[in-house]
Amino acid sequence: MIRLTIDKKTVEVEPGTTILKAAHKAGVEIPTLCHFELCDMGIENKPGGCRICVVEVEGRRNLAPSCMTEVQEGMVINTHNIRVLNARTTVLKLIISDHPFDCLVCAKSGDCELQDLARQFGIRTVPYGGEQSHYRKDTSPSIIRDVDKCIMCRRCEMMCNEVQTVGALSAVNRGFMSVVAPAFEMNLEDSPCTYCGQCVSVCPTGALTEVDHTNEIIRALSDPKKTVVVQTAPAVRAALGEEFGLEPGTLVTGRMVSALRELGFDHVFDTDFSADLTIMEEGTELLQRLRGHLAGDPNVRLPILTSCCPGWVNFFEHNFPDLLDVPSTAKSPQQMFGAIAKSWFADRIGVERKDLVVVSIMPCLAKK
Ligand code: SF4
Ligand code: SF4
Ligand code: SF4
Ligand code: FES
């Protein structure tokens, strides 16, 4: 074990531990921006680019990025003295000097790590003028890339390449013009992106946001001619509570349905309903394929893979175009629900199809 002192607290950690993690163990929190860790998967993003996490190591001339610097025996570290705070403030002002002042109209406002840091550090003026980098906005059916708000933390790249193994994003260009983008700076829509949305979920700023349909839903809910039906994916009832301060994983099914009814939805369904239909369709298709195979048909593809997830189907289409007849031809449960609601359910409740609006609350951007 290695013994060191952080803000006058003695702590012992394994060799190879970073100062950031040692500080966390000692109960000292150091701000970070580019650093991101998926503990369960053993994947860590630490490009060391932002320098918000710098600390003072006594006896060392320069401040050290705590997310990248490993502890050494006897180190004495100061994480919040005036030298460190001044350095972090300067770093933050430099980042903001090449960032649009769009907080009032930014989709990420209120949930933005850069905005939070600017508030914590009491940034009121940015003394560094000069040129700002500008890029075109890239809007796809699911994701909006507003690269002017990118701080090059490269978390999205880690998610896309290491976790999702899609490889749609990487750093391109150099210096002031460097940016995280699809190859040849093509639009996301033309890239192998599956719209899984994982890059959006880790982006600390408004550089990557989902396409928002909230206003369309509000318009439908306030239109007396419309019957508005909502389906919620199974994941939503398990994940939603966390947004309201409950323990992660708390089931909030009843509260969620009540809230949706309060909002004005006329009918609330669980996508489980159409997932059962998908299973029946896929099961029927499997039996058909097995019958064909047992009858000696050489054109039958086995095994059969599920087609429930549009992100997975996108992944398959982009990466295995020669195996497109392997996944089932069944629609996803969400798509099946839309079809059933607009036909069978509309007839059953006596509503014309054009007056029935189907809203999906889903955990995945590929379903947009
Ligand atoms: S990304 Fe954050 S800091 Fe930038 S404009 Fe949006 S809310 Fe403000
Ligand atoms: S949505 Fe998924 S596949 Fe597309 S760029 Fe983001 S992480 Fe990659
Ligand atoms: S797009 Fe977002 S996650 Fe990706 S590098 Fe820029 S700020 Fe980081
Ligand atoms: S969080 Fe350490 S360099 Fe960005």
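The values are calculated or read from the model by the stated rules, or taken from the named source; none is laboratory data. Note that the structure is a prediction, hence the values are computed from the model and not measured. Every residue, glycine among them, receives a Cβ derived from its backbone with ideal geometry; neighbour counts consider all protein chains shown. Just so you know, the surface numbers come from the protein's heavy atoms only, side chains and all, with ligands and any DNA or RNA stripped out. Shrake-Rupley method; radii C 1.70, N 1.55, O 1.52, S 1.80 Å.
For region 98-210, what does the accessible surface come to per residue with a 1.4 Å probe? Please give it in Å². Let's see the in-between values first.
Details: 5820 Å² over 113 residues.
Value for region 98-210: 52 Å² per residue.
Just how much of ARG219 is accessible, in Å², when a 1.4 Å probe is used and the result is rounded to the nearest 10?
The value for ARG219 is about 150 Å².
With every protein chain kept in place and ligands, DNA and RNA left out, what is the accessible area per residue of region 273-335? Probe 1.4 Å, answer in Å².
Details: 3900 Å² over 63 residues.
Normalised by residue count, the accessible surface of region 273-335 is 62 Å².
Would you list the membrane-span-like helices of the chain, meaning whole DSSP H runs whose alpha-carbon atoms span at least 18 Å along their axis and whose mean Kyte-Doolittle value is at least 1.0?
82-97
What ranking, highest mean first, results for peptides 299-305, 260-266 when packing means the other Cβ atoms within 10 Å averaged over each residue?
260-266, 299-305
Take ARG289, ARG60, ARG348 and sort them by solvent-accessible surface of the protein heavy atoms, 1.4 Å probe, largest at the top. Could you put the intermediate results ahead of the total?
Numbers: ARG289 30, ARG60 105, ARG348 165 Å².
Accessible-area ranking of ARG289, ARG60, ARG348, largest first: ARG348, ARG60, ARG289.
Restricting attention to region 93-175, which chymotrypsin sites (Phe, Trp or Tyr not before Pro) occupy a DSSP loop and are surrounded by at most 12 other Cβ atoms within 10 Å? If you can, show how the numbers build up before the last one.
On the way: sites: PHE101, PHE121, TYR128, TYR135; in loops: PHE101, PHE121, TYR128, TYR135.
Answer by residue number: PHE101, TYR128.
Using Cα-Cα distances under 8 Å and only pairs 6 or more residues apart, what relative contact order does region 168-274 have, in percent? Mind showing how you got there, number by number?
Working: 96 pairs, mean separation 19.4, N = 107.
Reported as a whole number, the value is 18 percent.
Under 1.5 on a/c is rounded, so check that first for region 241-368, then, if it is not, pick prolate when a/b is larger than b/c and oblate when it is not; a ≥ b ≥ c are the square roots of the alpha carbon gyration tensor eigenvalues.
On the way: a/c = 2.52, a/b = 1.69, b/c = 1.49.
Prolate shape, in that a/c is at least 1.5 and a/b is the bigger ratio.
Taking LYS25 as the anchor, which lysines have their alpha carbon closer than 17 Å to its alpha carbon, excluding any fewer than eight residues away along the same chain?
LYS8, LYS9
Taking a probe of 1.4 Å, how large is the accessible area per residue of region 2-94, in Å²?
Numbers: 4710 Å² over 93 residues.
Per-residue value: 51 Å².
Which whole-number percent gives the relative contact order of the chain, counting Cα pairs below 8 Å spaced six or more residues apart? Intermediate values should be presented prior to the final figure.
Values: 569 pairs, mean separation 48.1, N = 368.
RCO, the chain: 13 percent.
Shape of region 167-304 from its Cα gyration tensor (a ≥ b ≥ c, root eigenvalues): rounded if a/c is under 1.5, otherwise prolate when a/b > b/c, or oblate?
Details: a/c = 2.05, a/b = 1.05, b/c = 1.94.
Oblate is the answer for region 167-304, as a/c is 1.5 or above yet b/c matches or exceeds a/b.
Within region 142-211, report the trypsin sites (Lys or Arg not before Pro) that DSSP leaves as loop and that have at most 11 other Cβ atoms within 10 Å.
Working: sites: ARG145, LYS149, ARG154, ARG155, ARG174; in loops: ARG154, ARG174.
The qualifying sites are ARG174.
Considering only protein heavy atoms, with the full assembly of protein chains and a 1.4 angstrom probe, order ARG237, ARG51 by accessible area, largest first. Walk me through the intermediate numbers first.
Working: ARG237 45, ARG51 100 Å².
Result of the area sort, largest leading: ARG51, ARG237.
Find, among the GluC sites (Glu not before Pro) in region 121-182, those assigned to loop by DSSP (not H, G, I, E, B) with at most 11 other beta-carbon atoms within 10 angstrom. Kindly include the intermediate steps, with their values, before the conclusion.
Details: sites: GLU131, GLU157, GLU162; in loops: GLU131.
Passing sites in region 121-182 are GLU131.
Taking all protein chains as present, what is the carbon and sulfur share of the accessible area of the chain, in % to the nearest whole number, probe 1.4 Å?
Details: 10880 of 20260 Å².
So the carbon and sulfur contribution to the accessible surface is 54 percent.
Let me cross-check HIS134: its accessible surface, 1.4 Å probe, with only protein heavy atoms counted, in Å² to the nearest 10?
HIS134 exposes around 130 Å² with every protein chain in place.
Where a ≥ b ≥ c are the square roots of the eigenvalues of the C-alpha gyration tensor, would you call region 2-94 rounded, which needs a/c under 1.5, or, failing that, prolate if a/b is larger than b/c, or oblate? Could you put the intermediate results ahead of the total?
Details: a/c = 1.82, a/b = 1.04, b/c = 1.74.
Oblate.
With label points built 7 Å along Cα→Cβ from the Cα atoms of HIS318 and SER170, find their separation and express it in nm.
1.4 nm
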